[in-house]
Amino acid sequence: MELTHDTKADALYIRLSDKHFALTKSLDDRRHVNYAQDGSPIGIEVLYPSLGVNVDELPFEAAIGRLLEEHGFKVVSALMTGYGAVKPVSAPEDFKKIRDEIEQTIAEEVDAEA
């Protein structure tokens, strides 16, 4: 596994295999998994990893979580509460802070659309 992080774009890519690309499956707006023709995962793209990375449903979830933590990224789980806020796995005390940040972002987006 090879992790590349573009700090300017706040995006990362984890290369899992050298097989040729066939298709991408989007898990949500921030997580996309690339697959080879044989259906094996070959890479994972994560947008805004500085906000934390939800490893649920990613291929090789535990190994990806360890790799992300080794590179200083906060690993979170999809234990959701309201508006898709995520509860941190490694630091439960940060849950309220992350939930508040997400709810503030959503409120700002709603206000901007109004």
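In a fully extended conformation the segment linking residue 10 and residue 66 would gain 18.2 nm over its present Cα-Cα distance, using 0.36 nm per residue.
Here each label is just a point 7 Å from Cα along the line to Cβ, and for residue 32 and residue 17 those points are 1.9 nm apart. Ordering 55, 43, 72 by Cα displacement along the dipole of segment 1-73 toward the positive end leaves 43 in first place; charges were set at the Cβ atoms of Lys, Arg (+1) and Asp, Glu (-1).
Once backbone amide H atoms are built at 1.01 Å from N, residue 36 has 22, 42 as its partners under 5 Å, excluding neighbours fewer than 5 places away on the same chain. Each residue, residue 112 and residue 56, gets one label point 7 Å from its Cα in the Cβ direction; the gap between the two is 2.6 nm.
Taking a ≥ b ≥ c as the square roots of the eigenvalues of the Cα gyration tensor, segment 1-73 is prolate, since a/c reaches 1.5 or more and a/b is larger than b/c. Subtracting the Cα-Cα distance of residue 1 and residue 105 from their residue separation scaled by 0.36 nm leaves 34.2 nm. Relative protection proxy for 63-76, 27-40, 100-113, from highest mean packing down: 63-76, 27-40, 100-113 (other beta-carbon atoms within 10 angstrom).
Each reported figure results from applying straightforward, stated rules to the coordinates on display, with no laboratory input. This structure is a prediction, so every number in the text was calculated from the model and none was measured. Note that each Cβ is placed from the backbone with ideal geometry, even for glycine, and that neighbours are counted across all protein chains shown.
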